[in-house]
Amino acid sequence: VILVNYLAAAALLGIGLYTVLTRRNMIKMVMGLSLMEAATYLFMISLAYRSGSTAPVLLNPPPGQTEHSLAHGNVADPVLQNFCLTAVVIGVAVTAVFLSVVVRIAQHYRTLDSDQVRELRG
Amino acid sequence: MTIAALSSLLPLPVAIPLAGAVTAPLLARASSRLAVIVSLLAMAGSAAILLIEAPEVFGQDRVIAQYLGHWRPVNGHVLGVTFAADPFGLLVALAAAVIGAILLLYTLSELGGLGRRELGGYACLFQLLIAAVIGAALTADLFNLFVWFEVAALSSYGLAGFFLERPIALEAAFKVLVLTTLASFSVFVGAGLEYARHGALSFAQLHDALAGHTSATDAIALGLLIAGFATKAGLAPFHGWLADVHTAAPGPVNALFSALMDALGVVAIVRLVFQVYPAGSTPVLGVLMTLGLASALLGAVMALAQDDLKRLLAYDTISQVGIVVVGLATGNAAGLAGGIYHLINHAAFKALLFLAAGAIVHRTGLTRLSEMGGLARRMPVTAAAFVLGAASIAGLPPFNGYVSLSLIHEGLQHSHETVPYLLTLASQAITVAALGRAAWLAFFRPRQEDLDMPERLRPGMIAAFAGLGALCVAFGAAGPVVLRRLMAPAAASLLHPARYASAVLAGTGRLPALSVPFNYGSPAELISVAAGTAVAALLCWGYLRISEPRAIRLLRAAHTGSANDYAAYAIAGTLAVIAVLSLA
């Protein structure tokens, strides 16, 4: 089951990377980076999963599980899930900054083509 | 003071600038200057606390740890984030706080007239970035390091696009966003892989877990982490953003990026390579040597060809960070001490050079070397500051570059790395030629028509020049003392990772004393400096007379200015680093 997750993460990463490397439209580049970001989250969440584990909520055992199995730590790793929560928060901030820069570029240059916006080179 | 008291003070050097960053925009509502003055005080406070820690850490070679939230380790398992002041981290943190304060003083003078919103936001982002550098220098936790990386990244986006009315600032901000975001994925996945494999984030625990066996997963994680942090450090081929950002930003922001933000990347790489991963388990020193030499040469050659003064200095930053990494990659005591020494020196002299370039823009509005000329007569103080900075980079005694470069050369000779040694000398000669060309074109070349200079050099700007210039001279003239008291303990903390790890787990610990011999008047080194300067002078004279050689034209053409291309270079570099580390 979990193999599907890894394959999906790899596919998302590949699509995102392809977009970043080949699309010149800046909004599409931001979208590509967002896809790559989603791929890293999926990868992390999949790393956190252990066979047969439950969500790391330790209030009551879920249906079909006893408190015994919680005490033996058969839950998904909460630290990696916390990684993702932190990264999601940072990612939202970065995307907001990204899009505001793109909007200002569009206002100044009247284009979204990153190939038209390269005064700085060499 | 007792160790416990010193330990409890350890979060403050980060907490004070963070608090200052929050209050600055609020204070700016009352007065824009007040925001910068309070930021300056916050930096001074942060530096003062670090200075209180210094006698124990440097004098006794001690590592002091603080468990944030009092989550003490249980049975060797670290439960929370740990801050640990070892000589290396404290040195970088101290440099960040002191140079940050000097840059804020300069800002107060040059940009003090800006609007309230602008200056409030500026003071906020400036302090966030310095807090991130100090935090990254003091942390002993991999995920916390990622967080400081992101804090530095977010504030650098804001500062890069600070002059929103200048389109090139937006262009530069877009490029740094693309490359740093890619780097952050790399760091994030690298840290996650290490945690998933070893169940630990603390450097100490990871060190112990990795000591037995370094698997392919560990090597891939190391490759991802190095690639990510190399982007922040501006090493080739991850450097696409660096020159553009520096071209568009105001002088103090250039100085902040070049002097301190690059240091964050270097510090992170050093911690991982020397204090987390066991020596010799991966060919990582070879990778670092290659990245360092590539950056040193590419940066120097590109600097020689630039017409924009800030852009020239930015490419020189790539070159100097490359030299720092070359020194560290030798892995021996002299090379490590020299690399750390050069990192601190670079912070001082590159800040000085960028502030001089900023002062030229402030007074004349000129950014291109071809439009400048004869400025030495009209701006003697700025010219003196620039020449002092250039002489420091050139490694002329008695300035600071001489000591650090001598140590790096000694480290390279000690491990019989002849080709890297020669390449380092070559890149150094090209760097000196590039700076000599800049000094000639800007300051000393005769000029016919007179310049209109409505602005004058303000006292705070002169004070900043004096402070940074004094640092350059002091770290050069007192070289042996600085080496013995500061740099040798810092190198010891990298050469004895097991001691660092046990200190982080135990709360405190001592490092073995290390003595790095250094002969100030070594004839071989003095001859090499003289020969290098002579070659550089010839190169500079020759380059001013010829049209651009084909090789340099091709190299410049590879810097296409397109974010797609730079991302492709960075991805190719990442894959190459991972491939070498995991397959070799």
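Per-structure values
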quantity	calculated
Cα shape, region B:471-584, gyration tensor, a/c 1.5 rule	oblate
Helix-only CD estimate at 222 nm, as mean residue ellipticity for chain A, using -39500 (n - 2.57) per DSSP H run (n ≥ 4)	-23000 deg cm²/dmol
Residue order, fewest to most beta carbons within 10 Å, for B:VAL253, B:VAL301	B:VAL301, B:VAL253
Helix B:167-198 axis, angle to chain B major axis (alpha carbon atoms, nearest 10°)	20 degrees
Angle in degrees between helix B:333-364 and the longest Cα principal axis of chain B, rounded to the nearest 10	40 degrees
For A:ASP77, B:ASP450, order by how many other beta-carbon atoms lie within 10 Å, fewest first	B:ASP450, A:ASP77
Estimated Rh, chain A: Kirkwood, alpha-carbon pairs, angstrom	17.1 Å
Cα-based reach from A:LYS28 at 29 Å (exclusive), listing lysines while leaving out same-chain residues under 8 positions away	B:LYS175, B:LYS232
Chain A: DSSP helices with Cα axial extent of at least 15 Å and average Kyte-Doolittle hydropathy no lower than 1.6	A:2-22
Relative contact order (percent, whole number), chain B, Cα cutoff 8 Å, 6+ residue spacing	18 percent
Value of [θ]222 nm, deg cm²/dmol, for chain B, DSSP H segments ≥ 4, -39500 (n - 2.57) each, nearest 500	-24000 deg cm²/dmol
Shape category assigned to region B:26-108 from the gyration tensor of Cα positions, a/c cut at 1.5	oblate
Region B:57-104: relative contact order as a whole-number percent, Cα under 8 Å and 6+ apart	35 percent
Ratio of the Cα radius of gyration of region A:1-43 to 2.2 N^0.38 Å, where N counts its residues	1.17
Kirkwood-type radius of the protein assembly as shown, with distances r between different C-alpha atoms, in Å	25.6 Å
Relative contact order of region B:305-441, defined on C-alpha pairs under 8 angstrom at six or more residues apart (%)	33 percent
Residues B:VAL74, B:VAL481, B:VAL403, B:VAL381 arranged by fewest to most Cβ contacts within 10 Å	B:VAL74, B:VAL481, B:VAL381, B:VAL403
Cα-based helix-to-principal-axis angle, B:116-138 vs chain B, degrees rounded to 10	40 degrees
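No value in this document is a laboratory result; all are computed from the given coordinates. In this text the structure is predicted, and so the values were computed from the model without any measurement. Quick reminder, even Gly has a Cβ in these numbers, built from the backbone with ideal geometry, and neighbours come from all protein chains shown.
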